[in-house]
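All of the numbers you see were taken from the coordinates with simple rules; none came from a lab. Note that the structure is a prediction, hence the values are computed from the model and not measured. Cβ placement follows ideal geometry from the backbone for every residue including glycine, while neighbour counts extend to all protein chains displayed.
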Amino acid sequence: MPLPGAKRWLLLGIALAVLVSCFSAQFNRYYLGVAVDVGIAIILATSLNLINGHTGQFSLGHAGFMAVGGYFSAWISLKIGPVDHASWYFPLSLLAGGLVASLVGLMVGVPSLRLKGDYLAIVTLGFGEIIRVVVQNTEAVGAASGLKDIPKYTTLGWAFGLAVVTVYVISSLVNSTYGRGFIAVHDDEIAAESNGIDTTRTKVTAFVTGAFFAGIAGGLYAHHKQFLSPTGFDWVKSIDIVVMVILGGMGRTAGVIAAAVLLTLMPEFLRDFAEYRMIIYALLIILLMLLRPAGLFSIPLKRRPTT
Amino acid sequence: MSAPLLDLQQATIKFGGLTAVSELTTSIGEGELVGLIGPNGAGKTTAFNMITGVYQPTSGHIRFAGKCTRGIKPSKLAALGIARTFQNIRLFGSLSVLDNIRVAARLHNKHGYTSALWRGKSWKSAEAETEKHALELLEIFDLAKDRDEMAKSLPYGDQRRLEIVRALATRPKLLLLDEPAAGMNPSEKDDLMKLIRFIKERYNLAVLLVEHDMKVVMGICERIAVLEYGRMIAEGTPKEIQRHPKVIEAYLGAAAVVS
Amino acid sequence: MHFLQQAINGLGLGAIYALIALGYTMVYGVLRFINFAHSDVLMLGAFTGLYAAPRIGKLCGPESVTGAILVFIVAAAVCAAIGMTIERLAYRPLRNRPKLTVLITAIGVSLLIEFTGQNEKFFGSAPQAFPKLLPEKSMQMGSLLVSSNDVLTIAVTIILLIAMWFIVQKTRMGTAMRAVSFNQQAAALMGVPVDRVISFTFGLGSALAAIAGILYSMKAPSIEPLMGVQPGLRAFVAAVLGGIGNLPGAVLGGVLLGLLETFAGGNEYLSTYRDAIAFGILILILLFKPAGLLGRATIEKV
């Protein structure tokens, strides 16, 4: 059954975002930053969820699309210089980043999505790394030393609002007759093809959509941290996002959002154990796979609602 | 005599050195119920895969509704009116029973990506229509009560039936059934035979049936084609096939022909 | 003669890649799974060598041949044990789960080893110098300058390859390995102890990786916990290039990649894109000839 009143939730979420941004000056700078991180993580996880979770294509190069979007929108911001009305300019810059990222997603997706499982994972990993290396060698965006002094246009309002938009888009897509096609491709490609679903087109569509939002997340990130470095978008970052999707239950949007929040906040809680943070993280991945590969937030398979 | 719905002319498929199907020539007219039988490995499922576009014939022609099917993807052929079920049931396991039908009906649903996002009035009514038709189909085949169950949690016989109903949701002109009676007990097989006859009448389909159970095949097929090692060795009515020496030899060995 | 010089260097590098690639390909052959943690076993081998060498040096005298051989053996044994333990604890429980689950577990294991290694309580992230196992000489052969390390590497690799060939073709365990790689179920039904075969495969591959790790460290300026990532990646590409699952393919791929990289490294423009070249080759093979140079493509049954 199509998501009832989805548009209503969207408008509510955007209204809330606007409200929050009005008061954001009151919040603690630090916590504000973390909240923005959470918003960005939600966008990344939800967008990857469409590709990995719903459509079942194992992409390990999501960080590459984030890099493309981030660098492109940051580059435009720096080229244009200080802007009077950032609230008009910023969404356009983000959109541009998203579109370029989706274009790259198209270029990567079309050849790669013929492959399955392990092979697809490696090819997407490879593409992600190639993007990183290309950025690392491009003087125009700072090469290895990175891109500095990016203006701080990202506010909690933008991060939160765009997270809401992303969740709305992905959920609405999937919760429609059209969108059930994604899950059908995930379940059985051959059966899907035989029942009139163009599997290649479906996979590429998921890929390009996911890349678009990763690009937007990248743009938000760039104008938040105000500094971009190619090493921040390597395969480890891609794994970070993949872990969020798996932890959340590969396809369960609510679970993936929860996982994104949890994993972004976790380093904050583990402040005291900073030394062991990465070791704990690696152990978490292993234990998760061994004990609960369906994710922390998955409902037992017996009954699953139509949406 | 009207042009056949499905027409195979010398359709051959080779995998490396192995010729799986060799110069298959036969045709199926609208509304006909044809059986395809043969010992294991005779190439029956491979023939299905050729007809549905999963494999491309190495030589020969296949025409559906007058159109040559070479190079057309299975999803496009489904849109043209060829539907199938599989030897090993291939349902969309994580989707509900209702969604399995809905997603097959997607073929005839004009609303795509942008509509799903905008969620306007016409999209809403189209979605409601799709759901209504899906439920109707499920009702007819006594699966409506399970509409929200996950497809893979259904009992075996229901899963087989669901797969057939899903194929019907694509509004085919030709339905290919690959061993639909596999794993069924005699009373289930009787129900299956009734089901196939019912479908054929009600939806005016042509049906091509691959099946090992002779009672089923002889019971409902108007015509039968027999494959052995990829070649067609006989074609005719059930009575003719039962007495055909080549067929008896293929199944029971040369010695049996004598008796 | 510049070309021949580079060829020899390339062979030396390729030999190391071949040794590591064999490990990847053997495990893929038996389990249809890419062991992401393999590159870290290489690193563990190097560090075992780091700790073992001074102690063995006290026994056998510095820079002695017996000492060097002992270091290799100790590292190989330790890493074989580690490899088998990883398989037993992290991969075997997931034998019947979807491939993606094991893949991610392997990534987790790899990250675990790397991060633990980087922790100050273990190896620490700072590079450390690798002790000299054997005297290093540069030998003049005509106009070519050949390092004794390269000669050693190539010699050791050839010996190991012959040993591998013998094991896989002529021993019962080797036959069992081949049986399992063709059809695990059938092999089990025929009485092949599949679990033991898989353990053995991991042990063997890890031992090779350890030896490769020490050979690599002898040429490298220093070692550190992330040292396995780059060679491991290249060796993986080599295994895919040769046809993953195919043993001679791994060797062929390793040598080819070693040569390609050495020649490219000499070229000024290409050297900055070194990483991308390996990935580029990987992507090209997977897109155009996923079975690799010597591999066989598998057809999915509909």
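Run the helix sum for the protein assembly as shown: -39,500 (n - 2.57) per DSSP H stretch of 4+ residues, divided by residue count, reported at 222 nm to the nearest 500 deg cm²/dmol.
About -20500 deg cm²/dmol.
Given Cβ point charges of +1 (Lys, Arg) and -1 (Asp, Glu) and nothing else, what value in debye, to the nearest 20, does the dipole of chain A about its Cα centre take?
580
Once R0 is set to 45 Å, what does the formula 1/(1 + (r/R0)^6) return for the Cβ-Cβ distance between A:ALA274 and A:ALA140, expressed as a FRET efficiency to the nearest 0.05?
Efficiency for this residue pair is about 0.80.
Need the list of aspartates and glutamates near A:LYS79 for cross-linking: C-alpha distance under 19 angstrom, and skip anything on the same chain fewer than eight residues off.
By straight Cα distance, A:LYS79 reaches A:GLU139, A:ASP149.
Give me B:ARG161, B:ARG63 sorted ascending by neighbouring Cβ count inside 10 Å, so fewest comes first.
Going from sparsest to densest Cβ surroundings: B:ARG63, B:ARG161.
Report the longest stretch of chain A that contains none of the chymotrypsin sites (Phe, Trp or Tyr not before Pro) sitting in a DSSP loop with at most 15 other Cβ atoms within 10 Å.
A:28-226
Per residue, how big is the convex hull around the C-alpha atoms of chain A? Give it to me in cubic angstrom, could you?
Hull volume over Cα atoms, normalised by residue count, gives 138 Å³.
Under a Cβ-only charge scheme (Lys and Arg +1, Asp and Glu -1), can you give me the dipole magnitude of chain C about the Cα centre, in debye to the nearest 20?
Using only the charged Cβ atoms, the result is roughly 940 debye.
Of B:PHE141, B:SER94, B:LEU154, which is farthest towards the positive pole of region B:61-156's charge dipole, taken about the Cα centre with +1 and -1 on the beta-carbons of Lys, Arg and Asp, Glu respectively?
Checking the options against the dipole of region B:61-156, the answer is B:SER94.
Pull up the cross-link candidates among the lysines for B:LYS189, meaning alpha carbon to alpha carbon under 17 Å and not fewer than 8 places away within one chain.
B:LYS200, B:LYS215
Name the long-range amide H neighbours of B:LEU33: under 5 Å, sequence gap of 5 or more, or other chain; modelled H, no Pro or chain starts.
B:VAL207, B:GLU222, B:ARG223
Which residues' amide hydrogens lie under 5 Å from the amide hydrogen of B:ARG84, considering only partners 5 or more residues apart or on another chain, with H built in the peptide plane?
Here the answer is B:LEU176, since their amide H atoms fall under 5 Å of that of B:ARG84.
Any idea how far the Cα center of region A:132-159 sits from the one of region B:173-190, in Å?
Comparing the Cα centres of region A:132-159 and region B:173-190, I get a distance of 61 Å.
Could you tell me which chymotrypsin sites (Phe, Trp or Tyr not before Pro) in region B:174-259 are loop residues by DSSP with no more than 15 other beta carbons within 10 angstrom of their beta carbon?
Answer by residue number: B:TYR229.
For region C:125-137, just list the computed ³J(HN,Hα) in residue order, Karplus coefficients 6.51, -1.76 and 1.60, θ = phi - 60°, integers in Hz, with x standing in for Gly and Pro.
Along region C:125-137, the couplings run 8, 6, x, 10, 6, 8, x, 6, 8, 9, x, 9, 10 Hz.
Got the relative contact order for chain A handy, in percent, Cα pairs under 8 Å and 6 or more residues apart?
Relative contact order, chain A: 34 percent.
How would you classify chain B from its alpha-carbon gyration tensor, with a ≥ b ≥ c the square roots of the eigenvalues: rounded for a/c under 1.5, else prolate if a/b is greater than b/c, otherwise oblate?
Judged from the Cα gyration tensor, chain B comes out prolate (a/c at least 1.5, a/b above b/c).
So if a site counts as exposed when it's one of the GluC sites (Glu not before Pro), its DSSP state isn't H, G, I, E or B, and it has at most 10 other Cβ atoms within 10 Å, what's the longest stretch of chain C without one?
Longest gap between qualifying sites, sites excluded: C:121-299.
Give me a single rounded figure for A:164-177: the average over its residues of other chain Cβ atoms within 10 Å of their Cβ.
Mean partner shielding for this stretch: 3.
When only DSSP loop residues count, what trypsin sites (Lys or Arg not before Pro) in region B:70-131 have their Cβ near at most 15 other Cβ atoms within 10 Å?
The qualifying sites are B:ARG70, B:LYS110.
State which helices in chain C qualify, where a helix is a whole DSSP H run, it must extend 30 Å or more along its own axis by its Cα atoms, and its mean Kyte-Doolittle hydropathy must be at least -0.5.
C:2-31, C:38-60, C:65-86, C:148-170, C:194-219
Can you find, among A:HIS224, A:THR253, C:ALA207, the residue sitting farthest towards the positive end of the charge dipole of the protein assembly as shown, where Lys and Arg contribute +1 and Asp and Glu -1 at Cβ?
Going by the Cα projections, it comes out as A:THR253.
Estimate the FRET efficiency between B:GLU23 and B:GLU222 by the formula 1/(1 + (r/R0)^6), using the beta-carbon distance for r and 22 Å for R0, to the nearest 0.05.
After rounding to 0.05, the efficiency reads 0.40.
Please work out the C-alpha center-to-center distance from region B:113-158 to region A:258-272 and express it in whole Å.
Result: 40 Å between the Cα centres.
Show me the ranking of peptides B:24-30, C:18-24 by mean Cβ neighbours inside 10 Å, starting with the highest.
C:18-24, B:24-30
Please give the helix B:156-169 orientation as an angle from the longest Cα principal axis of chain B, in degrees from 0 to 90, rounded to the nearest 10.
70
From the phi angles alone, apply the Karplus equation (6.51, -1.76, 1.60; θ = phi - 60°) to region A:26-43 and give each ³J(HN,Hα) in whole Hz, x where the residue is Gly or Pro.
6, 7, 4, 3, 5, 5, 4, x, 5, 4, 4, 4, 4, x, 4, 4, 4, 4
On C-alpha positions alone, give me the angle between the axis of helix A:117-136 and the longest principal axis of chain A, in degrees, nearest 10.
With both axes taken from Cα atoms, the answer is about 10 degrees.
Mind giving me the FRET efficiency for B:ALA128 and B:ASP191? R0 is 41 Å, r the Cβ-Cβ distance, nearest 0.05 is fine.
0.80
By its C-alpha gyration tensor, with a ≥ b ≥ c as the square roots of the eigenvalues, how is region C:43-89 shaped: rounded for a/c under 1.5, else prolate for a/b larger than b/c, else oblate?
Prolate.
Given charges of +1 on the Cβ of Lys and Arg and -1 on the Cβ of Asp and Glu, with all other atoms neutral, how large is the dipole of region C:1-133 about its Cα centre, in debye to the nearest 20?
Here the size comes out at about 420 debye.
Could you sort out which of A:LYS203/B:LYS76; A:LYS7/B:LYS121; B:LYS132/B:LYS173; A:LYS116/C:LYS289 sit more than 18 Å apart by Cα distance in this structure?
B:LYS132/B:LYS173
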